[in-house]
Amino acid sequence: MLRVPDGEKLSRVPVRPAAVKTLVVAAAVVERDNRFLVTRRMAGTHLEGYWEFPGGKCQEGETVGECLRREIDEELGAAITVGEELLVSTHEYPDRSVELHFLRCDLRSAATPRMGQEMRWIAGEDLATLSFPPADNELIQLLVRTRPR
């Protein structure tokens, strides 16, 4: 049993749930004519209303490339070619940890939202004007920094 001397207080220690799961997520960075393909998270989803690079959670045993091909087909009805990995970032949310893999991708067919989500092509210099999840901040900074002037 832990005893605290009379009159002393215990400092607060943040407590996280014991079983915070790490989700592996893959996101497609698709650029065409200096514009990036982004979609908006739908109402009722984690981080609803934020803009994001399309993609999703990897399934058990799936590579990030396989995940992206599946997710882009499911969400946007498009085929993609998966290219180089641009960035891996980890972000801690109160209820989950996310390991986010951003990969450069090319569309091989037209993208059309299949789930009712908003989709747009945004100029690289305008990326910072949209609200992205905190886990995307490092990528946004990288893309804005490397834009041709």
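Worth a mention:
- When residues in region 82-94 are screened for being touching a Lys or Arg at 6+ places or on another chain (Cβ under 9 Å) and surrounded by fewer than 13 Cβ atoms within 10 Å (Cβ to Cβ), 2 of them pass.
- For region 20-31, a residue qualifies if it is at pLDDT 95 or above and more than 11 Å from the chain's Cα centre (by Cα), and the qualifying residues are V30, E31.
- The one condition from (1) modelled with pLDDT of 95 or more; (2) surrounded by fewer than 16 Cβ atoms within 10 Å (Cβ to Cβ); (3) assigned to a loop (DSSP other than H, G, I, E, B); (4) not polar (S, T, N, Q) that L2 does not meet is (1).
- Residue in region 42-65 that is within 20 Å of L142 (Cα to Cα) and acidic (D, E) present: yes
- Residue within region 120-141 that is touching an Asp or Glu at 6+ places or on another chain (Cβ under 9 Å), assigned to a loop (DSSP other than H, G, I, E, B) and aromatic (F, W, Y) present: yes
The values are calculated or read from the model by the stated rules, or taken from the named source; none is laboratory data. The structure displayed is predicted, hence computed values, not measured ones. A quick note on method: Cβ atoms are made from the backbone with ideal geometry, for glycine too, and the neighbour counts reach across all protein chains shown.
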